[in-house]
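Take a look at the structure below.
Just so you know, all these numbers are worked out from the coordinates, no wet-lab data involved. Remember, predicted model here, so these are calculated numbers, not experimental data. Don't worry about glycine lacking a Cβ; one is built from the backbone with ideal geometry, like all the others, and counts go over all protein chains shown.
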Amino acid sequence: MEDGNSIIYGLEHQTRSLSPQYAESEAIRFLIGTQSLKPNSNQVHVVELEEDTGALHTKVFKHDIGEIWHLRCSPHDAANLVTTHNTYDPNTLQCTMGVSIFKLPTLQVIPKDLDELSSLQGRNAEDLELLVTIKPEKAEEEIRCAEWHPTDAGRLGVVYESSVRVHDVSSGAAVCSMKSDGRTRLKLTAGKWNPHQGHTQFAVLQDMHIKCFDTRTDCSKPSWSIDNAHRQLVRDLDFNPNRQFHLASAGDDAALNIWDYRNGKEPIFNRTDHSHWVWTVRYNSYHEQLLLTGSSDGRGLLYAAASICRDPDDDSEKTGKILEDGVLQSYEQHEDSVYCSEWSTVEPWTFASLSYDARLVISRVPRPFKYKLLL
């Protein structure tokens, strides 16, 4: 795979959920969930990039439980994943959301020999092993997403429309609950564990605001909050992996904001390069000044936010080893809203973006920017 040449993988059904295989340490793999309204037609695709040749290898698994709205691979076991899904019941004519934990029957994607390749080519979608399903307390309650705890393999944070509950992975039972302020009707839209502060904090997005709760307390009040983080709905957030007080957020005001939540009145970095809603933002795990965004304008953008990532004694600016703030590259191979952008957890220069038109685009950071960071 050469720099500047993206690889496109097309699916049969519409898509809006993507996750790297976090616990995988060698292969560049992404998992995709489909969102088809047809009964028993949804799937989970495992896509592996062969780095030397640029070839894509895939495995397809059935997800008959319903359309997938969110998917996240386990950071503890490469075989486990969790999906947030919507199921239509023809008997009651109603849709019910749920969260299901599955296990992949195999981790192998690239065939070892020609005989195995021939057998794989004629094979239909395989079954996933269902471990547990978590259902809302009320059938009509919506579920936004489910996030694995960063260090505790037995805990899962689930964001509902009006609360967050931490569930036991084995039984599905709720062990902790955080409810939104009863005086407001503002619904939650997403959430994520804080990878710092002892992995006890869970941040949620509520309308235009970001609020973070400590799961060791009664969760009646947030530990910290950023009010009016965006002028319109906040869609996504991601914590800086290296700086414990920094996080990035994206919203319907077409903005990318970076915050120091110790003083959340004004962002420390702000860009409005998209022309429509920004659905996703992701920090590079190795190089914190690199970020990805995806938007309803059909573009994925690669950003540099170098000016806020320098330490006081850092002389990289004098030596020229620093990127200029702003958009480094625009990726426009999509024809619909880009709902997800994710970095590979194995190769720091490789990333993927996914749009609603069932198109996965795998790209690499252009060589000039890569060398400027390394040399």
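Tabulated results
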| read-out | value |
| --- | --- |
| Residues of the stretch 11-42 that turn out to be farther than 24 Å from residue 89 by Cβ and part of a strand (DSSP E or B), as a count | 8 |
| Contacts under 9 angstrom Cβ, first residue in the stretch 241-270 being on the phi > 0 side of the Ramachandran plot and assigned to a loop (DSSP other than H, G, I, E, B), partner aromatic (Phe, Trp, Tyr) and surrounded by 21 or more Cβ atoms within 10 Å (Cβ to Cβ), 6 or more apart | none |
| Residues satisfying the stated conditions in the stretch 191-211, i.e. assigned to a strand (DSSP E or B), among the aliphatic types (A, V, I, L, M) and more than 15 Å from residue 177 (Cα to Cα) | 205, 210 |
| Residue list for the stretch 348-372, filter: closer than 13 Å to residue 290 by Cβ and in a loop (DSSP other than H, G, I, E, B) | 348, 349, 365, 366 |
| Single residue of the stretch 47-102 satisfying the filter (closer than 12 Å to residue 143 by Cβ and among the small types (Gly, Ala, Ser)) that is surrounded by the fewest Cβ atoms within 10 Å (Cβ to Cβ) | 98 |
| Some residue of the stretch 317-338 being of a type in the set (A, V, I, L, M), under 19 Å from the mean Cα position of the chain (by Cα) and assigned to a strand (DSSP E or B) | yes |
| Selection count, the stretch 126-158, where residues are under 22 Å from the mean Cα position of the chain (by Cα), in a strand (DSSP E or B) and of a type outside the set (A, V, I, L, M) | 7 |
| Any chance residue 195 is in contact with a helix residue (DSSP H, G or I) (Cβ under 8 Å, 6 or more places away or on another chain) and closer than 24 Å to residue 18 by Cα | no |
